[in-house]
Structures are given as structure tokens and as C-alpha cells.
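A.B. asks: Structure provided below as C-alpha cells; questions to follow.
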């Protein structure tokens, strides 16, 4: 994955780290965020920093390897004993400083454990649970939430449009005698102010609607991710409007 | 350069630089990339490995301008490993150079 911006890079890196169960994700992201900040302070563009950092997949591969070696060098990791013994001359210190040729084995081992972990546990039970949730909760919660939001959007449009219309009528009634078309008890100036007030209310409703739509999309994403997590072990979508550093 | 060879020697590079003083990530990466072509992002996984193994450590320095900054420093065991790897590398490169220069003894 090739990125051009800091946000793109950090988000991509975080998702990849989480999906591969790399430890100390927060610490790693701090390192890279600081790298970007230092790069910018030194006059480099985000795209330049991204290009020099290289492919996220390549970085992730390294972290997976490091994690696996770390596990392998702890005493309780059985099965790696034979490998550790082969580095005879450096055996005293070699446990931590693994020599390069051993790497491929560990990498495969790490990938195996990573891909097996999510499938452990009762998959059938999870599927039944998901179906129950879908049928009994999401089936009514999502449509009712959607109808509330659509209602909000409708109200918003009503306020904005009628506010503008009243404003225009107020303006026109200065110049044209509209008494034949519009029945109002208002003087023109109060019509103008009424129009402005209604538009302003409409404006506030626009902000509320946008927040509601964003929230709704995030709820949907959460539901999809819940399914993905239970079925395959990791999230597949990133929430919108989320800061990359939380 | 072959990645395996580079990986082993990069570790020695990081340890050697930190032996001479504490550095923050960007600084360290730039020192190395100033000397050879590297994929900069791969230095950080290496740092994590060295840290997990206890050969280097990190600490946070609060700064007036901007967010706090993370510095890396070498530990005693890191120094010992640096010494060992430096000797190993010098012997190895001397041997290789001899062969490359055709000075090997028959």
C-alpha cells in the first residue's frame, strides 16, 4: 500500500498493525507520527516522508517478524529449541540477537498463528449469535433510526426552503403589491426577519442532520465490523470522521 | 544490497550510533539514510526489536514547541552487543576485502 499523506499512512498502518495483532501498536504509531512531524519541521512534504518510509506492507512484515522472534526467544516457546541451538558460537547472546537465516521460519510461524487465532472458538455459536442480533435487534433498530434521520432531513429542507421563500416574499412586497397572491398580515420588514430566522433555524438543522447522518453511517460500519470481527477476526471498515491518533 | 545482510548490519549501525549519544527516531533514520539507501520505515521495527530485547531503551522529553519527543538510548547489554558485532564485522570485512583485492594466501 503506497500512501501520499500522513493521515493515510498512519491510518493504514494502524489498521494493518491491529489486523496482524502486533503488540505495542500505540507506541509504534507514536514513533511514526513523530517521524512525520520531524520530517515536516525539516521541510519535507508528507508525500516525501511517505515515499521514503516505504510500503506499509513491508513495515508490517518486519513487525510480525520481530514479534515472532521475541516470542521465540522467550524460554516457554517450545519447538524453536532446535533452531536456537544452531547458532553455536553466539549462543550466549544469540538468543536475543537472532541471526538472519532463521528469519523465514519465524515469519511463517507468525503468519500461521495470526491466521489461526480468529478461527479458534465456536464459529457456529458466533454465527447463531449474529443471526439472532440481526433478526431481533438490527432488523428494527436500523430502519427506525433511518426513519428518524430521514424525518430530520425533511424538516431541515422544509425550514431552509420556506425560510428563503418567506424572505423573498418579504423583499418582493416592497416593490410589488402581492396582496392578490399572498395573504399575509405581516408588514414586509417582519417577513424578511421571519425568513432570516427560519433560514437560521434551518442552518442549525443542517448541522444536526450532518451529524446524525455521520453517526448513522458509523453505526452501520460498527455493525458490519461486528460481523467481520466475529467471522474473520478483524475489522474491515474504518469509521468516518475519526481522528487517526485515538 | 541483499536484505538479510542489510538487516544484520543495520542493527550494528543503530547500536553504534546510539553508543555515541541519544537520538530520536527521525534523526537516527536520517543519519543512516545519509550513508546508504534504506527503506526508512523498516528502521522502526528494528528499533522495537532492539528495545524488546533490552539492548536499547527510550524515554520521553517534553519540549516547549510541539509535542513531547521520544529519544532512544543504548543500554549496557546493548553496548556489549555492539562491541561484539563490531569486532565480528571488522574481521569479516577485512577477510572479504582481502579476497576481493586478491590478497588471500594460498
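The numbers here are math on the coordinates, done by the rules we state, and not lab data. A quick note: this is a predicted structure, and the numbers were derived from the prediction, not measured. All Cβ positions, even for glycine, are placed from backbone atoms using ideal geometry, and neighbour counts span all protein chains on display.
A.B. asks: When the chain is fully extended, how far beyond the present Cα-Cα distance does residue A:238 get from residue A:37, taking 0.36 nm per residue of separation? Write down the numbers at each step before the final one.
C.D. replies: Working: separation 201, 0.36 × 201 = 72.36 nm, distance 2.35 nm.
That pair, residue A:238 and residue A:37, stretches by 70.0 nm at full extension.
A.B. asks: Further, regarding this structure: In nm, to one decimal, how far is the residue B:20 label point from the residue A:2 one, both placed 7 Å along Cα→Cβ?
C.D. replies: 3.4 nm
A.B. asks: With label points built 7 Å along Cα→Cβ from the Cα atoms of residue A:207 and residue A:144, find their separation and express it in nm.
C.D. replies: The answer from the label model is 2.9 nm.
A.B. asks: Moving on to the next point. Spin-label point model (7 Å from Cα, Cβ direction): what's the residue B:98 to residue A:200 distance in nm?
C.D. replies: Taking the simple label geometry, residue B:98 and residue A:200 are separated by 8.9 nm.
A.B. asks: Calculate how large, on average over all directions, the projected area of the Cα convex hull of the stretch A:123-232 is; give the answer in nm² to one decimal. Intermediate results must be reported in sequence, preceding the final value.
C.D. replies: Details: hull surface 35.6 nm².
Value for the stretch A:123-232: 8.9 nm².
A.B. asks: Nearest 0.05, what FRET efficiency do residue B:57 and residue A:162 give at R0 = 51 Å with Cβ-Cβ as r? Walk me through the intermediate numbers first.
C.D. replies: Numbers: r = 66 Å, r/R0 = 1.30.
Once the sixth-power term is evaluated, E becomes 0.15.
A.B. asks: With 10 angstrom as the radius, rank B:96, B:31 by how many other C-beta atoms surround their C-beta, starting from the fewest.
C.D. replies: Values: B:96 10, B:31 14.
Ordered from fewest to most neighbouring Cβ atoms within 10 Å, B:96, B:31 come out as B:96, B:31.
A.B. asks: Now, a different point. Per the Kirkwood formula on distinct C-alpha pairs, the Rh of the stretch B:3-100 is how many angstrom? Display every interim value, and only then the final one.
C.D. replies: Values: mean 1/r = 0.0695 Å⁻¹.
Its Kirkwood hydrodynamic radius stands at 14.4 Å.
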